[in-house]
Each structure stands twice: as C-alpha cells, then as structure tokens.
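Here the structure is laid out as structure tokens; the discussion comes afterwards.
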Amino acid sequence: MKQNTIVLGAQWGDEGKGKIVDLLTENVSAVVRFQGGHNAGHTLVIDGKTTILRLIPSGILHNDVTCYIGNGVVLSPSALLQELQELANNGIDATKRLKISKSCSLILPYHVALDHAREKAKGKDAIGTTGRGIGPAYEDKVARRGLHAADLLDSEQCAIKLEKLAELHNFMLENYYGAEPISYKETLNELMAAREIIAPLLTDVAEELQRLRINNKNILFEGAQGTLLDIDHGTYPFVTSSNTTAGAAATGTGFGPLYFDSVLGVIKAYTTRVGAGPFPTELHDEIGAHLAEKGHEFGSVTKRPRRCGWFDAVSVKKTVAINSISELVITKLDVLDGLKTLKVCTAYENGEPIYTELPGWDESTYEMTNYDDLPQNAKNYVAFIEKAIDCKITIISTGPDRSHTITLG
Ligand code: IMP
C-alpha cells in the first residue's frame, strides 16, 4: 500500500468502506477519521463476528494501530462513550489506542433535538437524516459558537459557553419548532461525566500525524458517507453537512494536501442510497427488491431500508475526478449473482439514464478469492465498469468477511 492513503466512498455511502479500511489496516500505523460523526456505520465481519463502528475508526480492532478522530469530525460525547462501552463488552479497550483532536466540534443533545424538529417541520420534504444532530452541530461550528472537545478541559468556560448555546437552541426548539427544551443542567452534568473518559484522549492530531509522516509511517484516512452526499459536490440539499470528498482529509485532520500518496475509492457493484433525494438509476421493481434482500441493504445505524438501483457510471466517473481517485475497490459483486441481465448507466438524455446492458452470470461468486475463478461475464462486468469510469479496479470484494476478497495486481 502507498504510504498515506485516503479511503472514501464514491457513491452515496454504504459502499463497504469499513471492510476495506480494516483490510488495509494490516499495513498502517494509524487510521484517521476526518469528517462526519456517528451518522456513519462501518460494519466489520472478522471470523464471522460482526462489529459496527459509528465514530471510532475502523482500525480499532488491530492492537498495534493508533486511531485518531480528526478536527473535521463532529463528536457526540455520549455516542463515543456508548461505542467505547460496546467495544469493552467485546474485550477491546479502545481507550488505549484512540486519540481525539482537541478541535473536534461537539454534538450536544440540542443538536439532536433540532435535527428531529427540523425534519418533522419539513414534512414530506424531509432529507431523511440519521437524526444524530450532524447538521445542527456543523452549523454551530461554522457559526463560530460551538463547543470544541478542548472546552471540556475547562469546566468553568465550558459551563459559560454551554449556557449561551442552551439559551439559543432552547429558544428555537420551544418558540420556532414547538418542541421540548433540553435541560442545560443535565447536559452540563453529562458533559462533565464524559470528560473523565474523553480528556485523557485529547491531543493535537495534526502534530501527531506530522510526526508519523516524518518517521515514514503509513497512515490511512477513513472517509464516511460518500461523495454524492458531500455538502458541496453532492445532491444538495439531500446531502450530509460535511465535505465527504478527498480534500476534507486535509482540512479535517491538518495533514497537508501534498503529503497524500493515493486515494482509494470504494464502489458497490450496484447503487444504494438511504434517505430522500434524487436517484436516477433507482429500481422500483422486483430486481431492486432482490438487491435489497440479497445485499442486506438496511442502514447499519438507523436500520432503514436502502433504496437500490443499477450502477451509475456517469456519476462515478465524476466522483473519480473530484477525489482524484487513483484506484477503486468494487464491493458486493456476489449480490449480482444469478441476474440474467445487468444494466449500467453510461449516459444521460434529458436527465434520464441511458443504459448499456450486459449479460449476467448464474454461478455463485460468493467468498471467491481468486480472479481466475470468476465467471467470464463477471470479469466482463468489472472490466466494463473500469472502462466506463476510466479508473482501474484493484480489489473485488465477494462477501463481508476480511477473507472474501480478490486482490488484483
Ligand atoms: P445526516 O448526515 O444525518 O444529516 O443525513 C443526511 C443524509 O445523509 C441522509 O440522506 C442520510 O441518510 C445520509 N447519510 C448520513 N450518513 C450516512 C451513511 O453513513 N451512509 C449512508 N447515508 C448516510
């Protein structure tokens, strides 16, 4: 693996990044999250055992890897504590190898309440957010009034800042949305309790990454969500509130742009999307239902069913360029097993997708580890996609386990 690699989703998220990050973590000293929050859901299956991570980087299951949460992440102290507890229940003491940027913006209960209140007020125009308070937390960050993780270290200052926020947000909740206010006292108490665990983890992530770089260590930057959910480049306003694209790996960690060596994009062999918003290749028929069922397409955080459709080569070609993706991983190829005909969107006419049809394959590709064993039509499908999006595919994933992987030279 190249030294400093960004791994990110090239569609609408849920491409299977968690497994890929976990796989690549074998070769790195550190894994860093740079944007988003616990709206992400990275599912790892190792030796049949499933772990779902939302906030903590997917490298945490490796003993000798340090995991960092960069400044671009919005951090919910209560979600972090819960995730640490879940890992502890599985025998993993994540606090030993987790470090958090002092400049992370905090997600507070006010943000969660506002997220819900706004979605409710939008009615049929709702975005379909994960309800984790992501958008309102980023709003506070950009408005320069949010709490940083470092604020937890000074209880007096923390109380003063929180009181101002509470006043503003409770005013909005009660008077604009007609929702219940959130107790300032309880929130402060929760923060102070969380401080005991979080304070020892706080650090200057940018400085630590710089030190690793100088010592020639490999670093993996783990994206969350996907390019089409990017606040600037995605299907606005049906997007998340962070930049999910490669540039955010620099701004969300303090690692200089020229220090990255490669960008690995992850694509699913078809397309899925959770929440509302445009999805031109969406299938509303039995094939869509088949993909959803066979691909277990339910959100790992919210358990919502994912919308399913054909692979969109036009949009992925764009995401390859936006992120300067150097190579791609294609996941869930096995989900297409048994389909007679496959379609790939290769053009748009008046906003409508134009498809190229390819023959499917009957054989099972599940768990395959050897490229030569793939049915010829599966090889053709992968090669067609490669050509259509103009980027080479170097890994094919044929199942959820670490071992269900074909690595191409
Ligand atoms: P938010 O990030 O909770 O504000 O949600 C905004 C949009 O992003 C919604 O359509 C969510 O379904 C979507 N979204 C957020 N996180 C993920 C993810 O990890 N995978 C897929 N979609 C996501």
Subject >> Odd one out for Glu83, checked against (1) assigned to a helix (DSSP H, G or I); (2) within 16 Å of the ligand (Cβ to nearest atom); (3) in the same structural domain as Gln210 (by TED's automatic domain parsing); (4) surrounded by 22 or more Cβ atoms within 10 Å (Cβ to Cβ) >> reply: (4)
Original post:
Just a yes or no: is a residue in the range 96-110 assigned to a helix (DSSP H, G or I) and away from the ligand (no atom under 16 Å from the Cβ)?
Top reply: yes
Subject >> Count of residues meeting criterion [surrounded by fewer than 18 Cβ atoms within 10 Å (Cβ to Cβ), within 16 Å of the ligand (Cβ to nearest atom) and not in a helix (DSSP H, G or I)] in the range 128-178 >> reply: 2
**OP:** May I ask you to list the residues in the range 317-333 that are over 16 Å from Lys387 (Cα atoms) and assigned to a helix (DSSP H, G or I)?
**Re:** Ile322, Asn323, Leu333
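Scan the strands (runs of 3 or more DSSP E) fully inside the range 1-56 and keep the ones with 2 or more residues being within 25 Å of Pro136 (Cα to Cα), in contact (Cβ under 8 Å) with a residue 60 or more places away in the chain and within 16 Å of the ligand (Cβ to nearest atom).
Numbers: elements: 4-9, 30-33, 42-46, 49-53.
Here the list reads 4-9.
From the residues in the range 252-267 that are touching a Phe, Trp or Tyr at 6+ places or on another chain (Cβ under 8 Å) and either surrounded by fewer than 24 Cβ atoms within 10 Å (Cβ to Cβ) or of a type outside the set (S, T, N, Q) (or both), which one is nearest to Ala321 (Cα to Cα)? Before the answer, list the steps.
Taking the range 252-267 and keeping what is touching a Phe, Trp or Tyr at 6+ places or on another chain (Cβ under 8 Å), we get 252-253, 255, 260, 267.
The next check asks that each one be either surrounded by fewer than 24 Cβ atoms within 10 Å (Cβ to Cβ) or of a type outside the set (S, T, N, Q) (or both); those that pass are 252, 255, 260, 267.
Working: Gly252: 20, Phe255: 21, Phe260: 16, Ile267: 14 Å.
Residue satisfying both the conditions and the ranking: Ile267.
Determine whether Ala121 is more than 23 Å from Leu80 (Cβ to Cβ), among the small types (Gly, Ala, Ser), within 16 Å of the ligand (Cβ to nearest atom) and modelled with pLDDT of 95 or more.
Yes; evaluated as a whole, the condition is true for this residue.
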Subject >> Residue tally, condition outside any loop (DSSP other than H, G, I, E, B) and within 11 Å of the ligand (Cβ to nearest atom), over the range 226-276 >> reply: 4
Original post:
Can you tell which of Gly288, Gly338 is more than 16 Å from the ligand (Cβ to nearest atom), in a helix (DSSP H, G or I), among the small types (Gly, Ala, Ser) and in contact (Cβ under 8 Å) with a residue 12 or more places away in the chain?
Top reply: Gly288
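The values are calculated or read from the model by the stated rules, or taken from the named source; none is laboratory data. Owing to the predicted nature of the structure, the values given are computational and were not obtained by experimental measurement. Neighbour counts are summed over all protein chains in view; Cβ atoms, including those assigned to glycine, are modelled from backbone coordinates with ideal geometry.
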